[in-house]
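J.: Dropping the structure in here first, questions after.
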Amino acid sequence: MKIVAAAIQMSSELLALHANLERADELLREAHRAGAELAVLPEMFNTGYGLISDYTPMGEQIDGPTLTQIRHRSRIWGMTIAAGFVERSGRHLYDSLALCTPDGATRVYRKRNLVFWERFRFRPGRESVIVQTPFGRVGLAVCADMIYRRVWNDYRDKIDVAIVSAAWPDFANRHTGRPHWLMGHIGPLSTEIPSKVAVDLGVPVVFSNQCGSTHTTIPLVGMWVAERLPDRFAGTSSVCDGREGTRSTAGTGEQVVLSDITLHSSRGPISCHSMYPLVRAATSSASAA
């Protein structure tokens, strides 16, 4: 079967929850009007991504304002939506990705492979997450997860489409364009890896990245000595169809990348793993369409 998928590339202002939710809503509406049945927002789209002293005030549970709004849109538009957010569970924070489906259900994946300063702000997740949707089984990953073969081996032959939500930097000075002397080779991987995963697994991959300016803190000796690079997010969000050999890719600015993807769902259902039980949404207080 074919569906329209949307990779939403947006610039998020650090700690500006209300403004980020409004901008995401505009871009989701654009995707909906274009017929998207699946839309993916970037990693931590609602809080912005960057090194701050404490994300605790921005941490949300599954019934917080971010996922309440996302569930509302998913239900009224009949669109499955993936959204990155800071999850609070007890005294711990997680860099998480929620998948909301039109039936009101929400499943949450926690980033397993934390990098740089993330290790001092969040706890790592422990499990892969596979979600049954109206169009097939979806496997979830967040940013640096996608560079680890073991992540994709967990999903091999078990999913029909993969989602990656990211805040992937360019690792280059945004003023001069010069790649960082140590990490500069990593920036272009945001373009290369999603298509390689699509071909390797034989399933479509929807990759959504942030865009805009940022500062990347690069550790040189642990985190005791670090360099702060005036960077930008790499952008290049994409929708890749591995079997069909097609790819639609964004540039470096805000953009909704739309493309048909082909799902070959020939395997029987499997168990879905989640850090939460299935949650159905109550009536949302968010504005109607």
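The values are calculated or read from the model by the stated rules, or taken from the named source; none is laboratory data. Worth saying up front: this structure is predicted, and the values here are computed from it rather than measured. Cβ atoms come from the backbone with ideal geometry, glycine included; neighbour counts cover every protein chain shown.
J.: Are there any pairs, at least 6 apart or on different chains, whose C-beta atoms fall under 6 Å, with the first in the range 135-147 and among the hydrophobic types (A, V, I, L, M, F, W, C) and the second surrounded by fewer than 24 Cβ atoms within 10 Å (Cβ to Cβ) and assigned to a strand (DSSP E or B), and if so, which?
T.: What qualifies is 135/3.
J.: Please count how many residues of the range 16-33 are touching a strand residue (DSSP E or B) at 6+ places or on another chain (Cβ under 7 Å) and free of Cβ contacts under 8 Å to residues at least 12 places away in the same chain. Even if it seems obvious, please write down each step before you answer.
T.: Step one: filter the range 16-33 for residues touching a strand residue (DSSP E or B) at 6+ places or on another chain (Cβ under 7 Å), giving 23-24, 27-28, 30-31.
Keeping just the survivors that are free of Cβ contacts under 8 Å to residues at least 12 places away in the same chain gives none.
Adding up the residues that qualify gives 0.
J.: Now a separate question. Out of curiosity, is residue 162 of a type in the set (A, V, I, L, M, F, W, C), free of Cβ contacts under 8 Å to residues at least 60 places away in the same chain and either closer than 19 Å to residue 85 by Cα or touching a His at 6+ places or on another chain (Cβ under 9 Å) (or both)?
T.: yes
J.: Another question about this same structure. Collect the residues in the range 220-254 that are of a type in the set (D, E, K, R) and either loosely packed, with under 14 Cβ neighbours inside 10 Å or under 30 Å from residue 264 (Cα atoms) (or both), keeping them in residue-number order.
T.: Of everything in the range 220-254, those that are of a type in the set (D, E, K, R) and either loosely packed, with under 14 Cβ neighbours inside 10 Å or under 30 Å from residue 264 (Cα atoms) (or both) turn out to be 227, 228, 241, 243, 244, 247.
J.: Tell me whether the range 212-224 contains one or more residues that are modelled with pLDDT of 95 or more, over 15 Å from residue 138 (Cα atoms) and touching a Ser or Thr at 6+ places or on another chain (Cβ under 9 Å).
T.: yes
J.: Quick check on the range 21-43. Is at least one of its residues over 28 Å from residue 216 (Cα atoms), aliphatic (A, V, I, L, M), assigned to a loop (DSSP other than H, G, I, E, B) and modelled with pLDDT of 95 or more?
T.: yes
J.: Considering only the range 48-66, I want to know if a residue exists there that is within 22 Å of residue 203 (Cβ to Cβ) and small (Gly, Ala, Ser).
T.: no
J.: Please give the number of the condition residue 275 fails out of (1) over 16 Å from residue 5 (Cβ atoms); (2) under 21 Å from the mean Cα position of the chain (by Cα); (3) surrounded by 14 or more Cβ atoms within 10 Å (Cβ to Cβ); (4) modelled with pLDDT of 90 or more.
T.: Against the list (1) over 16 Å from residue 5 (Cβ atoms); (2) under 21 Å from the mean Cα position of the chain (by Cα); (3) surrounded by 14 or more Cβ atoms within 10 Å (Cβ to Cβ); (4) modelled with pLDDT of 90 or more, residue 275 comes up short only on (4).
J.: Pick from the range 119-171 the residues that are in contact with a Ser or Thr (Cβ under 8 Å, 6 or more places away or on another chain) and among the polar types (S, T, N, Q): which of them is surrounded by the most Cβ atoms within 10 Å (Cβ to Cβ)?
T.: 165
J.: Inspect the range 49-65 for any residue being at pLDDT 95 or above and under 24 Å from residue 263 (Cα atoms) and give the result as yes or no.
T.: Scanning the range 49-65 turns up no residue that is at pLDDT 95 or above and under 24 Å from residue 263 (Cα atoms).
J.: So is residue 51 out of contact with any Pro (no Cβ under 9 Å at 6 or more places or on another chain) and outside any loop (DSSP other than H, G, I, E, B) or not?
T.: no
J.: Take the residues in the range 194-219 that are of a type in the set (A, V, I, L, M, F, W, C) and assigned to a loop (DSSP other than H, G, I, E, B); name whichever of them is surrounded by the fewest Cβ atoms within 10 Å (Cβ to Cβ).
T.: Step by step, filter the range 194-219, then rank; the result is 211.
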